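**Student:** My questions will all concern the structure given below.
The values are calculated or read from the model by the stated rules, or taken from the named source; none is laboratory data. All values reported here derive from a predicted model rather than from experimental measurement. With ideal geometry, Cβ positions are generated from the backbone for all residues, glycine too; neighbour counts draw on all protein chains shown.
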């Protein structure tokens with residue numbers, strides 16, 4: 001698994017950046033291995049978001065603690081990010097890199113294509129009290 005980021009793939013002094021994952025393609029399909037010991041954190045939780053119609057927005061919050069790795073498994077998903085007054089937009093697709101988001105970064109995902117699937121690996125267990133909404137103070 002290749003987990004590398006370049007400076008043009010980083011935002012907010014590295015609080016959000018793309019990680020280039022190595023996919024293995026052949027006539028049988030595409031294999032995307034995720035070796036947990038090579039991730040920037042030990043996952044405590046994972047979940048998927050699927051069956052969202054095009055134009056559906058999810059997220060709309062940030063986390064006061066922890067990190068999340070967003071991996072588009074199918075389709076295309078636009079991600080809006082904000083840290084303080086800075087904003088960035090990233091498009092994830094099933095052939096592209098993953099997005100690592102640190103604590104303090106607000107994010108919202110817009111599902112662009114039918115049958116898009118997002119896999120999220122989180123460093124912390126679910127805790128609704130760690131959420132903050134856009135415009136609220138972050139750490």
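**Student:** Go through (1) modelled with pLDDT of 95 or more; (2) farther than 18 Å from residue 131 by Cβ; (3) in a strand (DSSP E or B) for residue 25 and report which single condition fails.
**Tutor:** Failed condition: (1).
**Student:** Now for a separate question. Across segment 103-132, what is the total count of residues that are farther than 17 Å from residue 47 by Cα and part of a loop (DSSP other than H, G, I, E, B)?
**Tutor:** The qualifying residues number 6.
**Student:** If you don't mind, there's one more thing I want to ask. From the list 73, 19, 32, which residue is touching a strand residue (DSSP E or B) at 6+ places or on another chain (Cβ under 8 Å), modelled with pLDDT of 95 or more and more than 20 Å from residue 132 (Cα to Cα)?
**Tutor:** Going through 73, 19, 32 in turn, just one is touching a strand residue (DSSP E or B) at 6+ places or on another chain (Cβ under 8 Å), modelled with pLDDT of 95 or more and more than 20 Å from residue 132 (Cα to Cα): 73.
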